[in-house]
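No value in this document is a laboratory result; all are computed from the given coordinates. All figures in this text were calculated on a predicted structure; none of them were measured in a lab. All Cβ positions, even for glycine, are placed from backbone atoms using ideal geometry, and neighbour counts span all protein chains on display.
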Amino acid sequence: MAGLSGKSAAVIGLGALGSVTAELLAKSVGTIVLIDHDIVEQSNLERQPFYDKGNVNKLKCEVVYEKLMKRYSKIIIVSRAVHIDQQTIKEVNADIILDCTDNFETRFVINDYCKKNNIPWVHAAATGSIGVVVPFTGNYCFGCIYGNKKKGLTCDDSGIMIEVARKTAQIQVDEALKILNGKPCTQGMIRFVGGVIDTLAIKDGCNCMGRKENNVQFTLSKCTTRAGYSAKPSKNMKLNLGKIKEKFTTLIETPIVLVIKENDIEIVVHEYGELLFKSGTDEELMNKIAKKVYSFKL
Ligand SMILES: [Zn+2]
């Protein structure tokens, strides 16, 4: 695929899966960014065939960098030993991100960043004899599938089988190359279980709760002139009243205002974002309800 020499891809996490993914990518793209802050440990060697005894105690990103540089001299390889968080992810500059991490926290960081900046990314995870790959190009997000749960497949829960890592990496890279080539990628969650591949459909349209920086910032305060509380967003926004109507018990609806009922509290929902809780004293509960309402913004 000579057509991708101008394209860049970042691989986050260089364990059993990521090391294979990085090598497969090196055959196609012009620039690879390798990101992992971990070192190779003796205990990794058995499950991660990319590394050998001589690599123990060295940074994974450096080891992969050196090996790929020898094998693929024509591409640009960048190695970065950083832990990915909400700040460091901002320095990841690539046309696509391939997630090979072993934890959900980092995946949500990648998700939030890619969502905000319209960067496609491909999630992959493998454990035991199961592999999962999900390409994200904006139709839905990681939060839509996993919500705020931090559970699911991770690589270090149980030993990953080498063949499963290879197959999962291959699927992940195939999807990434489709995206970089401007071709349609698989819609849904690709699963590789016991040698059989299938695809689970994912509903189109991101309407998950969102997390952290995607959340609407608001202040909840007690009304001075009347009973109840109000929530006001800190920035101008517009709520998706149509969606809210579907998700809550709706008592009254007009094109710009709804009255909904949640946990026995009647709430006036203005399209421009202000919420009025007609009754209620439990601020924690009202904050929770407000967050849920604000997740349906336009
Ligand atoms: Zn979503």
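Checking residue 225 against (1) in a strand (DSSP E or B); (2) exposed (fewer than 12 other Cβ atoms within 10 Å of the Cβ), which single condition isn't satisfied?
Residue 225 satisfies every listed condition except (1).
Any idea which of (1) within 19 Å of residue 205 (Cα to Cα); (2) away from the ligand (no atom under 13 Å from the Cβ) is the one residue 136 doesn't satisfy?
If we test residue 136 against (1) within 19 Å of residue 205 (Cα to Cα); (2) away from the ligand (no atom under 13 Å from the Cβ), just (2) comes out false.
Restricting attention to the range 192-201, does a residue exist that is surrounded by 17 or more Cβ atoms within 10 Å (Cβ to Cβ) and closer than 17 Å to residue 289 by Cα?
No.
Anything in the range 225-253 that is touching a helix residue (DSSP H, G or I) at 6+ places or on another chain (Cβ under 9 Å), more than 15 Å from residue 298 (Cα to Cα) and of a type in the set (Val, Ile, Thr)? List them, or say none.
Hit for the range 225-253 is 250, nothing else.
Looking at (1) in a helix (DSSP H, G or I); (2) over 15 Å from residue 135 (Cβ atoms); (3) within 22 Å of the chain's Cα centre (by Cα), which is the only condition residue 245 fails?
Answer for residue 245: the failing condition is (3).
For residue 17, work out the one condition from (1) assigned to a loop (DSSP other than H, G, I, E, B); (2) in contact with a Gly (Cβ under 9 Å, 6 or more places away or on another chain); (3) of a type in the set (A, V, I, L, M) it doesn't fulfil.
Residue 17 satisfies all of (1) assigned to a loop (DSSP other than H, G, I, E, B); (2) in contact with a Gly (Cβ under 9 Å, 6 or more places away or on another chain); (3) of a type in the set (A, V, I, L, M) except (1).
Restricting the range 34-72 to residues that are of a type in the set (Ser, Thr, Tyr) and surrounded by 13 or more Cβ atoms within 10 Å (Cβ to Cβ), which is nearest to the chain's Cα centre (by Cα)?
65
Here is a check on your reading of the model: is residue 31 hydroxyl-bearing (Ser, Thr, Tyr), crowded, with 19+ Cβ neighbours inside 10 Å and within 27 Å of the chain's Cα centre (by Cα)?
Yes; evaluated as a whole, the condition is true for this residue.
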